[in-house]
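Below is one structure, written out as structure tokens, with a few remarks after it.
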Amino acid sequence: MIKLKKINLTIKYIFLIIASFVSIFPFIWMILGMTNKTVDITAGKLMIGGELWTNITNLLENNLDFRQAIINSAIIAVITTVFSLLLSSMAGYGFEIFRSKKKDRIFNILLLSMMVPFSAMMIPLYTMFSKLSPSPFGINTLFSVIVPSVCTAFNIFLFKQNIKSFPKSLVEAARIDGLGELAIFFKIYMPTAKNIYAAAAIITFMGSWNNYLWPLVVLQSPEKRTLPLILSAMGASYTPDYGMLMTGIVIATLPIAIVFFVLQKQFIQGMLGSVK
């Protein structure tokens, strides 16, 4: 019996090791690729090379303006994340604390909107923003990329589920003490909901940072392009420089990895809390 348990445990560990290697191998290959030439990468070289500085220099001096793309992506991701957390949490708080049949119906319609693919909404969105052009809020502005992602049905649902576990007695006690609804939200709810804010921040930041389809449609000037658009242009060239491309991918991945590892603990606790 003991031998059988050891055999089962050994099989599980072997399977986990293989699965872990398969999952992490693309990242290892990507990091090794940024230190090699295109010829070495296409040949399947899996060793550290000496071309890292050359690839970084070529990337920063490329006519695609990689530096400006980083700035554009950072502005879009940060603004989208901040406003999405604020508006989505307020909407989720309102739907749960001030419940009524009409609001429940509106919330159900909001959930149904999650089933509509974004590609089906692109033409109406493009038409709406084109009518605002050439103002600062029209086509070919960072604003046109930020607005559609500022408040999503998923984030509202996430906060609404989390607020279900929020003690309603605190709200009643605060009302008795004379606090207004906004003061209750900012001074009582927000400090107790750090985990769900961290979870929503990671999801929103990653989605905004990696957004490709809508910026491709709405951003028409080269100086307005984001990182996914720049990386796609690098890979789509007739003779792509894979060393430079791998370097760009690694740099583009770092902010997401940093945000995730910093907020990893809160992310797990927030997701578990919202599912209860």
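The values are calculated or read from the model by the stated rules, or taken from the named source; none is laboratory data. From a predicted model like this one, the values you see are computed outputs, not experimental measurements. Using ideal geometry, Cβ is built from the backbone for each residue, glycine included, and neighbour counts are taken over all protein chains shown. Quick note on the areas: whole protein, heavy atoms, side chains included, nothing else; ligands and nucleic acids left out. Shrake-Rupley method; radii C 1.70, N 1.55, O 1.52, S 1.80 Å.
When every residue of the stretch 179-195 is checked against the conditions, none turns out to be within 25 Å of residue 123 (Cβ to Cβ) and at pLDDT below 90. For the stretch 33-49, filtering for residues that are without any contact (Cβ under 8 Å) to a residue 40 or more places away in the chain and either open to solvent by 70 Å² or more (accessible area, probe 1.4 Å) or of a type in the set (Phe, Trp, Tyr) (or both) leaves 6. Here 111, 86 are screened, and the one residue that is within 30 Å of residue 183 (Cα to Cα), open to solvent by 30 Å² or more (accessible area, probe 1.4 Å), in a helix (DSSP H, G or I) and at pLDDT below 90 is 111. The condition of being of a type outside the set (S, T, N, Q), in a helix (DSSP H, G or I) and open to solvent by 50 Å² or more (accessible area, probe 1.4 Å) holds for only one of 182, 125, that being 182. The single residue among 63, 72, 8 that is part of a helix (DSSP H, G or I) and either closer than 30 Å to residue 219 by Cα or within 25 Å of the chain's Cα centre (by Cα) (or both) turns out to be 72.
For residue 116, are the conditions met, namely being under 19 Å from the mean Cα position of the chain (by Cα) and β-branched (Val, Ile, Thr)?
Values: under 19 Å from the mean Cα position of the chain (by Cα): no; β-branched (Val, Ile, Thr): yes.
Considered against the rule, which asks whether it is under 19 Å from the mean Cα position of the chain (by Cα) and β-branched (Val, Ile, Thr), residue 116 comes out as no.
Of the residues contained in the stretch 9-32, one or more are found to be open to solvent by less than 50 Å² (accessible area, probe 1.4 Å) and in contact (Cβ under 8 Å) with a residue 12 or more places away in the chain.
Looking at the stretch 266-274, is at least one residue surrounded by 14 or more Cβ atoms within 10 Å (Cβ to Cβ) and β-branched (Val, Ile, Thr)? Don't jump to the end; show me each part of the working.
Here is the first cut: in the stretch 266-274, the ones surrounded by 14 or more Cβ atoms within 10 Å (Cβ to Cβ) are 266-267, 269-271, 273-274.
From what's left, β-branched (Val, Ile, Thr): none.
No: zero hits.
Reported count of residues in the stretch 50-83, each being over 30 Å from residue 204 (Cα atoms) and open to solvent by less than 30 Å² (accessible area, probe 1.4 Å), is 1. Within the stretch 160-175, residues that are not hydrophobic (A, V, I, L, M, F, W, C) have Cβ atoms under 9 Å from residues that are not in a helix (DSSP H, G or I) in these pairs: 161/276; 162/193; 162/276; 164/276; 165/276, counting only partners at least 6 apart in sequence or on another chain. Taking residue 36, is it modelled with pLDDT under 85 and not aliphatic (A, V, I, L, M)? Against the criterion (modelled with pLDDT under 85 and not aliphatic (A, V, I, L, M)), residue 36 does not qualify. Among the residues of the stretch 89-108, the ones that are of a type in the set (Asp, Glu) and either surrounded by fewer than 18 Cβ atoms within 10 Å (Cβ to Cβ) or touching a Cys at 6+ places or on another chain (Cβ under 8 Å) (or both) come to 1 in all. Of the set (1) over 15 Å from residue 95 (Cα atoms); (2) surrounded by fewer than 20 Cβ atoms within 10 Å (Cβ to Cβ), all apply to residue 141 but (2). For the structure I just gave you, tell me whether residue 259 is in contact (Cβ under 8 Å) with a residue 24 or more places away in the chain, part of a helix (DSSP H, G or I), surrounded by fewer than 19 Cβ atoms within 10 Å (Cβ to Cβ) and in contact with a helix residue (DSSP H, G or I) (Cβ under 7 Å, 6 or more places away or on another chain). No: the conditions fail for residue 259. Inclusion of residue 246 among residues that are of a type in the set (A, V, I, L, M, F, W, C), within 15 Å of residue 212 (Cβ to Cβ) and in contact (Cβ under 8 Å) with a residue 60 or more places away in the chain is not warranted.
The stretch 187-252 holds helices (runs of 4 or more DSSP H) entirely within its bounds, and those carrying 1 or more residues that are open to solvent by less than 30 Å² (accessible area, probe 1.4 Å) and more than 27 Å from residue 54 (Cα to Cα) map to 194-209, 213-218.
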